[in-house]
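Since the structure comes first, as structure tokens, the remarks are kept for the end.
The values are calculated or read from the model by the stated rules, or taken from the named source; none is laboratory data. None of the values given here were measured: they were computed from a predicted structure. All Cβ positions, even for glycine, are placed from backbone atoms using ideal geometry, and neighbour counts span all protein chains on display. Please note that ligands, DNA and RNA were not included when accessible areas were found on the heavy atoms of the full protein model with its side chains. Shrake-Rupley method; radii C 1.70, N 1.55, O 1.52, S 1.80 Å.
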Amino acid sequence: MKTCLINCAIVLLCGVAGGVGSCDFGNMAPIANTATLPPKLSDYGIFPDGSIERPAAGFDRYYLATQLFTDYAEKQRLLHLPEGTRFSFDSSGKAVFPDSSILVKTFFYYPDKRKPAAGKQLIETRLLVKVKGQWNVGTYKWNAAQTDAFLLEGGADETVSWVNERGLRKTLRYHIPSSEECSSCHRSGRSITPIGPKARNLNIALTDHPNHENQLLYFRQAGLLTLQPNDLLAPLPDWQDPSIALDQRARAYLDVNCAHCHSSVGFAESTRLFLGYEVPFSATRIGAERPYTTPDTGNEPQHPHAAVGYNRARFGRDSVD
């Protein structure tokens, strides 16, 4: 229901004729990795005993104020920094990590979400690995025995079934992205960059810590973060929090789900639809109406439905984060 309400709000924000830009079009080629990644996730030593509940020392959990929606999957996020180094934020609030940093995100489902202690079905683990100043992407698919995950190049689809928090059985085809899909959405200009860890999206209370301390202050105290006073931006609204105004939640949803491509340096730059939370509403072109033009030629398409405006987004489906 929450997702449905947000989707409705986004449609209202974007206008009937304008719509939301599709992720299927862009005028930039995906960026290739500059390093060769190991074939098995276990080669990194992230989960020494095979359990994601016990990551190795030096892999620290982090949380986001508002999360990308990925077919109802649960996620665990970890960051690893070389010993003695720290990350920081640039003037726009984006995280800047030292060389040899690793960001880890594991996607999983509870077979019965009412009983999380009963176990997890691990689907995939995505890595961002910084080598010689360049981020490299890798997607690892967990095997049926749940003992290890293996590097994918071409992506994969997997049927997932679980019982949700209301006791309803849900089944869907989950898409594991290819390295090309990952690099397409993680691109910024001519390079790959992380999406989620921004100052605004990391500025939250750690509810699993005894004192609910602020995550940014915790990272600073732990020696992981160089924090400046102007880094403490107001948190990005949680799009799933019904106590927050619906228009703010919709803008936050667009920011975390769409703005990485829909920016002046993203894969969907050619649409001129910019969806970052910090972008003034008047500059987003949300609701703007114009004939859709193909990025390759600039010519208007011949398909009768394509000339209405921007293509609609495929709500409730996502392949990258």
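Annotations
- Some residue of the stretch 159-170 being within 18 Å of the chain's Cα centre (by Cα), open to solvent by 30 Å² or more (accessible area, probe 1.4 Å) and of a type in the set (Lys, Arg): no
- Candidate set from the stretch 29-49 (those that are buried (at least 17 other Cβ atoms within 10 Å of the Cβ), assigned to a loop (DSSP other than H, G, I, E, B) and hydrophobic (A, V, I, L, M, F, W, C)); member that is modelled with the lowest pLDDT: Ile31
- Summed over the stretch 95-116, residues that are closer than 29 Å to Asp157 by Cβ, open to solvent by less than 60 Å² (accessible area, probe 1.4 Å) and not polar (S, T, N, Q) total 9.
- From the options Gly133, Gly84, Gly138, Gly119, residue that is among the small types (Gly, Ala, Ser) and touching a helix residue (DSSP H, G or I) at 6+ places or on another chain (Cβ under 8 Å): Gly138
- Hits in the stretch 189-223 (condition: of a type in the set (S, T, N, Q), open to solvent by less than 30 Å² (accessible area, probe 1.4 Å) and over 17 Å from Gln76 (Cα atoms)): Asn203
- Scanning the stretch 252-269 for residues that are open to solvent by less than 30 Å² (accessible area, probe 1.4 Å) and assigned to a helix (DSSP H, G or I) yields Ala252, Tyr253, Leu254, Asp255, Val256, Asn257.
- So Asp24, is it open to solvent by 70 Å² or more (accessible area, probe 1.4 Å), under 22 Å from the mean Cα position of the chain (by Cα), of a type outside the set (Val, Ile, Thr) and modelled with pLDDT under 95: yes
- The set of residues from the stretch 57-94 being out of contact with any strand residue (DSSP E or B) (no Cβ under 8 Å at 6 or more places or on another chain) and buried (at least 17 other Cβ atoms within 10 Å of the Cβ) comprises Ala65, Thr66, Leu68, Phe69.
- Boolean, Thr226 is open to solvent by less than 70 Å² (accessible area, probe 1.4 Å), at pLDDT 95 or above and of a type in the set (Val, Ile, Thr): yes
- Odd one out for Arg272, checked against (1) surrounded by fewer than 16 Cβ atoms within 10 Å (Cβ to Cβ); (2) closer than 26 Å to Leu81 by Cβ: (2)
The rows are residues; the columns are (1) assigned to a loop (DSSP other than H, G, I, E, B); (2) at pLDDT 90 or above.
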residue	(1), (2)
Ile195	yes, no
Arg200	no, yes
Pro210	yes, no
Leu217	no, yes
Asp238	yes, no
Ile244	yes, yes
